[in-house]
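Everything on this sheet refers to the single structure shown next.
Since every read-out is calculated from the coordinates, none of them should be taken as a lab result. Because the structure is a prediction, the values reported are computed rather than measured. Note: ideal-geometry Cβ built from the backbone for every residue, glycine included; neighbour counts use all protein chains shown.
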């Protein structure tokens, strides 16, 4: 799904990902980044908060809110510069701080159905 979604994505698009650990958020992002033509080795930005991938059709800003401790820490990142800049933003654990996610974001919920089965549910232009 990540690769297919990348074909129709434009500057300023925001993907707000939510789902438990191991549900496929980073794997989805890896496919999405590859779908934009990047050869980057995508990994979770859990300890750095954001990774930037600039070698594809559009820059991708990959955030992970999992370890963000509070609103003040997140506010200092200057998210608007990313969200309304020259690329596409993908936010893992977006539901931890939904008030920072712009209205136009596409919310994507990842569910674990079994040991090897996942479900992906999208919500256009609304919080899941």
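Observations, loosely collected:
- The label-point distance for residue 86 and residue 3, in a model that sets each label 7 Å from Cα toward Cβ, rounds to 2.8 nm.
- Contour excess over end-to-end distance, with Cα ends at residue 99 and residue 69 and 0.36 nm allotted per residue: 9.3 nm
- A convex hull fitted to the Cα coordinates of the range 2-123 yields 101 cubic angstrom per residue.
- Likely footprinting exposure, 62, 123, fewest C-beta neighbours within 10 Å first: 123, 62
- Residue with peak Gaussian network fluctuation, the chain [Cα springs, cutoff 10 Å], from 67, 113, 57: 113
- Under 12 Å from a label point set 7 Å out along the Cα-to-Cβ vector of residue 55, the amide N atoms of the range 18-43 belong to 34, 37-42.
- Note on 73, 23, 114: ascending count of other Cβ atoms within 10 Å places them as 114, 73, 23, the fewest first.
- Here the Gaussian network model covers the chain, with springs between Cα atoms less than 10 Å apart; of 116, 70, 39, 116 fluctuates the most.
- The chain: relative contact order in percent, alpha carbon pairs under 8 Å with at least 6 residues between: 31
- Per-residue Cβ neighbour rank within 10 angstrom, fewest leading, 100, 63: 100, 63
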